[in-house]
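A.B. asks: Here it is, the structure, as structure tokens.
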Amino acid sequence: MWTHCTSRVAPLLSLFITSAVMAAPFQILDLSDSIIVSPYVGQENPQSEAIKMLKGEIYKRSQIVVDAIDQRELTPAPIIVVTQADDPGLENGKYPREKTTAEFEKKAEGYRIVVQNHTLPAPVVWVVGNDARGVLFGVGRLLREMVLLPGEISIPADLKIETAPKYPIRGHQIGYRGKSNTYDSWTPEQYEQYIRDLIVFGTNAIENIPFQDPNDAPLMPVEREKMNLEISKICARYGIEYWGWMPVMEHRDEAEGAVALETEEERAQLLEKWEDMFSKCERVDGVFVPSSDPGMNKASLMMPFLGKAGAILRKYHPNAKMWMSHQKFEGENLDDMFSYIAENQPDWFGGLVYGPWTKISLAETRMRLDPKYGIRSYPDITHTVRCQLPVYNWDPAYMQTEGREPINPRPVATKNFHNMYVPHTVGAITYSDGVNDDLNKILWSALAWDPESDLTQLLTQYGNYFMKSGLGPKIAEGLYGLERNWEGPLDTNPNILGTLRIWQEMEEAEPELVEKNWRFEQGLFRAYYDFYVRQRLVHESQIEKAVIDRL
């Protein structure tokens, strides 16, 4: 059927699919005894990793081992075909192309999922990617649509999806450094699992922080240099982008672990350090150098330095690009930056990153930047106060007790922020300092794929996939409730108790999630904590009032 096994597979699969029967469509297609068929089984490429991901994530949730083979065998089991649109065996296999399919297949990273029920001896589920990443994201979407319970695998029998992403960059910064509230304690295996989780919802880029912060953190199980290379390897295996966030500063700052640009000697030392990393990394797609946050740079120093860094980067990774932000740039710095880009038209330059503290609008940035260069958004989705996207009208009691990096699912705000910050851009790599913003990452990736995605459907998929199939609607309700808990004055907020009861009902019904599922634990903890803070606020306010009345 496929490029690697056309002669032996196509006739068999054709025999199965052309034997159509007239029957009423199934409502649910049982895949509990299914077999995965793909030409990529046993290979070493991103498509093969997609097959491993499909098998592995199914097993974790269902305890069913789904066999994967590179040719169809004469068995009555349903098959899940995972392949690419350029597979010459698709026609012989009677893949159901439509008139519009050929044009759709030109769209990068897109995929189709089609279920054929009326085939003998068993149904066929097609997952056909337009390219290697399309295969990966098609598998991820199939996992999101599956019901996966112990001893059970099923999907809607009429499942039919044809989709491609609107924005080409959909990533997250999950840097291995001491300032993180989560990532500094992770092993390479935990990084891979989290990257897999993000891929399932459409993430195609991971940004690491290889150098900032001068020392290893006490919880780090792996040296930073080794982890930098491990994350690059993981991205290479899955065929997604690996970026580095690599700040420089006009003046040396030991606390930040940054080398200054102020002398030729220090610039040379920094380039040597970067070259060592570039030469060892299996994959690098982009290097983002902020103009500020930390520190403050001058465009007149940054641009020539980035040119030298870009030349070194492309020695080892010819398609990689240097990106910079214009955070805190004003007046002369802005003029120098835009003039340099316009006059030199550097081929090492990928574009500008629009992040917090940027003094001009996205629209003005796009107007002043040559159209050949992209703009990548850099939204801060991890913080709640004193930040780019603060919680509106947040009660001071929350500010004082939960701080800047609490567990912060913000579904409605995230969709609003995303659709406000994506115009004029090629997408985003978000700023994150831990899994406190896990839901926001998932939503940002899914919305970058399709900004019109139904929010409740995404929250339901989040709950079904990460917690338990069938629990998704209740999880969605609970996540909306946590966001509403933060709306307006806490002492008069009517949602607090209702939100807690939603999570308590799930806590009682699903004790295993309380013990073993960190995502569920986050939501449950927030529901209890919000209730506690409100009780404390009301109690202490009553005491305060009584004291004032006595005085």
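A.B. asks: Could you rank the peptides 153-162, 288-297 by their average count of other C-beta atoms within 10 Å per residue, with the highest value first?
C.D. replies: Highest-to-lowest ranking by the protection proxy: 288-297, 153-162.
A.B. asks: Tabulate in residue order the Karplus-calculated ³J(HN,Hα) for the stretch 124-129, using 6.51 cos²θ - 1.76 cosθ + 1.60 with θ = phi - 60°, rounded to whole Hz; enter x for Gly and Pro.
C.D. replies: 10, 10, 9, 10, 10, x
A.B. asks: Restricting the count to DSSP beta bridges whose residues both fall in the chain, what percent are antiparallel, rounded to a multiple of 5? Show your work: numbers first, answer last.
C.D. replies: On the way: 19 of 60 bridges.
Rounded to the nearest five, the antiparallel share is 30 percent.
A.B. asks: What's the exposure ranking of LEU369, LEU458, LEU219, LEU551, going from fewest to most Cβ atoms within 10 Å?
C.D. replies: Values: LEU369 19, LEU458 24, LEU219 12, LEU551 5.
The fewest-first ordering by Cβ neighbours comes to LEU551, LEU219, LEU369, LEU458.
A.B. asks: Another one. Multiply the residue gap between ALA509 and ARG550 by 0.36 nm, knock off their C-alpha separation, and tell me the result in nm, one decimal place.
C.D. replies: 10.0 nm
A.B. asks: Once amide H atoms are built 1.01 Å from N in the peptide plane, which residues 5 or more positions from SER292, or in another chain, come under 5 Å H to H?
C.D. replies: GLN327
A.B. asks: Shifting gears a bit: Need the C-alpha centroid separation for the stretch 276-313 versus the stretch 507-551, integer Å.
C.D. replies: Rounded to whole Å, the Cα centres lie 45 Å apart.
A.B. asks: Give me the distance in nm between label points sitting 7 Å out from Cα along the Cα-to-Cβ direction at LYS179 and ARG386, one decimal.
C.D. replies: 1.3 nm
A.B. asks: Could I ask something else about it? DSSP beta bridges in the stretch 308-444, what fraction antiparallel, as a percent rounded to 5?
C.D. replies: 10 percent
A.B. asks: So, by mean Cβ neighbours within 10 angstrom, what's the order for 202-210, 97-105, 137-145 with the highest one leading?
C.D. replies: Going by the mean number of other Cβ atoms within 10 Å, highest first, we get 202-210, 137-145, 97-105.
A.B. asks: If the label point is 7 Å along Cα→Cβ of GLN400, which residues in the stretch 488-520 have backbone nitrogen under 20 Å from it?
C.D. replies: Within reach of a label on GLN400, which here means backbone N under 20 Å from a point 7 Å along Cα→Cβ, the stretch 488-520 contributes 488-493.
A.B. asks: Going by a ≥ b ≥ c, the root eigenvalues of the Cα gyration tensor, does the stretch 169-451 fall in the rounded group (a/c under 1.5), the prolate group (a/b larger than b/c) or the oblate group?
C.D. replies: Taking the square roots of the gyration eigenvalues as a ≥ b ≥ c, the stretch 169-451 is rounded.
A.B. asks: For TYR238, TYR183, which order do you get if you count the other beta carbons within 10 Å of each Cβ and list the fewest first? Write down the numbers at each step before the final one.
C.D. replies: Working: TYR238 23, TYR183 27.
Lowest to highest Cβ neighbour count: TYR238, TYR183.
A.B. asks: Going through the cross-link list LYS179/LYS328; LYS60/LYS94; LYS233/LYS415; LYS55/LYS516; LYS106/LYS468, which pairs have a Cα-Cα distance over 24 Å in this structure?
C.D. replies: LYS60/LYS94; LYS233/LYS415; LYS106/LYS468
A.B. asks: Loop-only trypsin sites (Lys or Arg not before Pro) in the stretch 378-445, please: DSSP not H, G, I, E or B, and at most 13 other Cβ atoms within 10 Å.
C.D. replies: Listed in order of number, the matching sites are ARG386.
A.B. asks: Where the centre of each part is set by its Cα atoms, how far does the stretch 414-453 sit from the stretch 173-246, in angstrom?
C.D. replies: Between the Cα centres of the stretch 414-453 and the stretch 173-246 lies a distance of 19 Å.
A.B. asks: Taking the Cα centre as origin and putting +1 on Lys and Arg beta-carbons and -1 on Asp and Glu beta-carbons, what dipole magnitude results for the chain, to the nearest 20 debye?
C.D. replies: On the way: 57 positive and 78 negative charges, 217 e Å.
That gives the chain a dipole magnitude of about 1040 debye.
A.B. asks: For ASP67, enumerate residues with amide H under 5 Å from its amide H, sequence gap 5+ or separate chain, H modeled in the peptide plane.
C.D. replies: Amide H to amide H, under 5 Å and 5 or more residues apart or across chains, ASP67 pairs with ILE36.
A.B. asks: OK, next. Sketch the reach of a paramagnetic label on ALA108 as a point 7 Å from Cα along Cα-to-Cβ, and name the residues of the stretch 286-308 whose backbone nitrogen lies under 18 Å away.
C.D. replies: The answer is 286-288, whose backbone nitrogens lie closer than 18 Å to the label point.
A.B. asks: Same structure, new question: Taking amide H positions as placed in the peptide plane 1.01 Å from N, state which residues far from LYS321 in sequence (5 or more) or on other chains have amide H under 5 Å from it.
C.D. replies: Close amide H contacts, sequence-distant or interchain: GLY286, VAL287.
A.B. asks: Please check which bits of the stretch 501-537 a label hung off TYR59 would reach, taking the label as a point 7 Å along Cα-to-C-beta and the cut-off as backbone N under 11 Å.
C.D. replies: Zone members listed by number: none at all.
A.B. asks: Then there is this: Kindly put CYS281, CYS235, CYS387 in sequence by how many other C-beta atoms sit within 10 Å of each C-beta, fewest to most.
C.D. replies: So the ranking, lowest neighbour count to highest, is CYS387, CYS281, CYS235.
A.B. asks: Calculated from DSSP H runs of 4 or more alone, at -39500 (n - 2.57) each and per residue, what is the 222 nm mean residue ellipticity of the chain, nearest 500? Numbers along the way, then the final one.
C.D. replies: Details: 18 runs with 240 residues, N = 551.
It lands at -14000 deg cm²/dmol.
A.B. asks: Just grab the label-to-label distance for ARG97 and LYS52, each label 7 Å out from Cα along the Cβ direction, in nm (one decimal).
C.D. replies: Going by the 7 Å Cα→Cβ label model, 3.2 nm.
Only the coordinates and a few stated rules stand behind these numbers; no lab work does. Remember, it's a predicted structure, so these values are computed and weren't measured experimentally. Every residue, glycine among them, receives a Cβ derived from its backbone with ideal geometry; neighbour counts consider all protein chains shown.
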